[in-house]
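Undergrad: Structure provided below as structure tokens; questions to follow.
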């Protein structure tokens, strides 16, 4: 790579701007989904494809990032990625129907897929080893902050202008990104003799099938009652088989599309697993807390979004601050403190009830997003600490792919967990609605006497029973959220022992290497 004496922070801004745009685009359309469905006269499930197709197409580019870097270099690949992403945004604005919008989102997703691992690889390259904590703090601004800020930005643009502005605003920012990358990113034309240009079609096809089938199952599983439906079982089986085939093929094939052997590095394996868990905590609570606020506290979507926005600001500040703190505190200690903080914050969420105030939602979320960057920055730096520089592109792609898969599964499972566990809780609570229960009879008679003021006796009895049953459903749902938050809190503590398997290299050794 040609040496250019450019301030690494300027290079960081150049690569993080397109990364921010790519990740924000994955969540900004979530809040505008009803508007998109109404604009094209589509159903909610049809409009949901606008979101999932972007995730799928982006995920499919992750395995080939390492190959493309070896073939054309980081700078040229970043050029192409930004242009394709901008083209996808333009096509989204011009889409005459929902099918065209879905096609445009696929184009946009293809452009976005390589940007995040490319940004991570560039940051690991331009910052010296002793400043990797700072580099990963800056990377976390794109990786963690942008998905949190996306719904707020998308909601504001949709409410005040139109949903098309979510895509319009990206076009000039993409042009700015292109200029910054062209000026400040060093050329890195790969040596022609160094790598074989043969592309692993079989391996790539298998991961395309695996990810595609997985996303279909996660997207439609709850709608079709999961494994009670035959086709869901077949598609799940095909996805699992394709994943296993991909893993075995990449180990045995001479020219793999992605070097799966980087998982032999213990730091990378354990760090990737812990990073994936941090994503589970971040995205599961991003789904569950607004769901709790809207279904049990009666918040509007805008109010629940406002309650979640402070965590995005705290996360942004934390990522920048922890990057500096990591220079003075051992990474393992920082990571352990971060995971404990996350566990405490989710444990605070178990105290929520149907009379909770907005402050009782905001405070645990702020604490959570203090813990997330405190754990994320050192863990990401440790994951790549023992990898050679030539493996950074493959490692970043695999790191992002693994987190993408785990996050997709956990998000779908979180929604299913609430639906199914609330039914289980309901079966346990309904036994208390018995004529042999004196407390139930007392409550029933009290409600019936109140309804008798306005209704006849038969109707008053029915309304009293219905009111108590409605309260039972509410309590069952509340209990399911308690179980979900308790499980996440337990997992955040259970993952801490994995830190013992990660090695820390001394800075002197890094400089000599």
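The values are calculated or read from the model by the stated rules, or taken from the named source; none is laboratory data. Values in this document were obtained by computation on a predicted structure and should not be read as measured data. Counting neighbours? That spans all protein chains shown, and the Cβs are built from the backbone with ideal geometry, glycine included.
Undergrad: Please tell me if residue 248 is surrounded by 14 or more Cβ atoms within 10 Å (Cβ to Cβ) and modelled with pLDDT of 80 or more.
TA: No; evaluated as a whole, the condition is false for this residue.
Undergrad: Condition test on residue 383, is it on the phi < 0 side of the Ramachandran plot, modelled with pLDDT of 80 or more, outside the structural domain of residue 127 (by TED's automatic domain parsing) and crowded, with 24+ Cβ neighbours inside 10 Å?
TA: yes
Undergrad: If you don't mind, another one. Among the residues that make up region 358-365, is at least one of them modelled with pLDDT of 80 or more and in a loop (DSSP other than H, G, I, E, B)?
TA: Checking region 358-365: at least one residue is modelled with pLDDT of 80 or more and in a loop (DSSP other than H, G, I, E, B).
Undergrad: Can you tell which of 352, 401, 363 is without any contact (Cβ under 8 Å) to a residue 40 or more places away in the chain, outside the structural domain of residue 131 (by TED's automatic domain parsing) and surrounded by fewer than 24 Cβ atoms within 10 Å (Cβ to Cβ)? Walk me through how you get there before you give the answer.
TA: Details: 352 fails: without any contact (Cβ under 8 Å) to a residue 40 or more places away in the chain; 401 fails: without any contact (Cβ under 8 Å) to a residue 40 or more places away in the chain.
Unique residue meeting the criteria: 363.
Undergrad: Which numbered condition trips up residue 179, out of (1) free of Cβ contacts under 8 Å to residues at least 12 places away in the same chain; (2) surrounded by 24 or more Cβ atoms within 10 Å (Cβ to Cβ)?
TA: For residue 179, the failing item is (2).
Undergrad: For region 412-435, enumerate the residues that are surrounded by fewer than 19 Cβ atoms within 10 Å (Cβ to Cβ) and closer than 17 Å to residue 216 by Cβ.
TA: Within region 412-435, 413, 415, 416 qualify.
Undergrad: Just the residues that are modelled with pLDDT under 80 and farther than 16 Å from residue 390 by Cα, please, taken from region 64-79.
TA: None; the set is empty.
Undergrad: Follow-up question, since we're still on this one. Considering (1) without any contact (Cβ under 8 Å) to a residue 60 or more places away in the chain; (2) within 17 Å of residue 139 (Cα to Cα), say which one residue 303 fails and leave the rest.
TA: (2)
Undergrad: Give region 311-339 a look and list any residue that's under 14 Å from residue 368 (Cα atoms) and surrounded by fewer than 16 Cβ atoms within 10 Å (Cβ to Cβ), or say none.
TA: Listed by number, the residues that qualify are 313, 317.
Undergrad: Hey, any hits in region 349-367 for a residue that's closer than 23 Å to residue 500 by Cα and out of contact with any strand residue (DSSP E or B) (no Cβ under 6 Å at 6 or more places or on another chain)?
TA: no
Undergrad: Filtering region 426-436 down to residues that are within 46 Å of the chain's Cα centre (by Cα) and in a loop (DSSP other than H, G, I, E, B), which residue is modelled with the lowest pLDDT? Full working, then the answer.
TA: Quick first cut of region 426-436, residues within 46 Å of the chain's Cα centre (by Cα) only: 426-434.
Checking which are in a loop (DSSP other than H, G, I, E, B) leaves us with 433-434.
On the way: 433: 69, 434: 66.
Filtering region 426-436 for residues that are within 46 Å of the chain's Cα centre (by Cα) and in a loop (DSSP other than H, G, I, E, B), the one modelled with the lowest pLDDT comes out as 434.
Undergrad: Among what's in region 254-290 and is in contact with a helix residue (DSSP H, G or I) (Cβ under 6 Å, 6 or more places away or on another chain) and free of Cβ contacts under 8 Å to residues at least 60 places away in the same chain, pick the residue that is surrounded by the fewest Cβ atoms within 10 Å (Cβ to Cβ).
TA: Ranking the candidates gives 269 first.
Undergrad: A further question follows. For a quick check of your reading of the model, give me the residue pairs whose first member lies in region 213-233 and is on the phi < 0 side of the Ramachandran plot, whose second is surrounded by fewer than 14 Cβ atoms within 10 Å (Cβ to Cβ) and assigned to a loop (DSSP other than H, G, I, E, B), with beta-carbon atoms closer than 7 Å and at least 6 apart or on different chains.
TA: What qualifies is 232/224.
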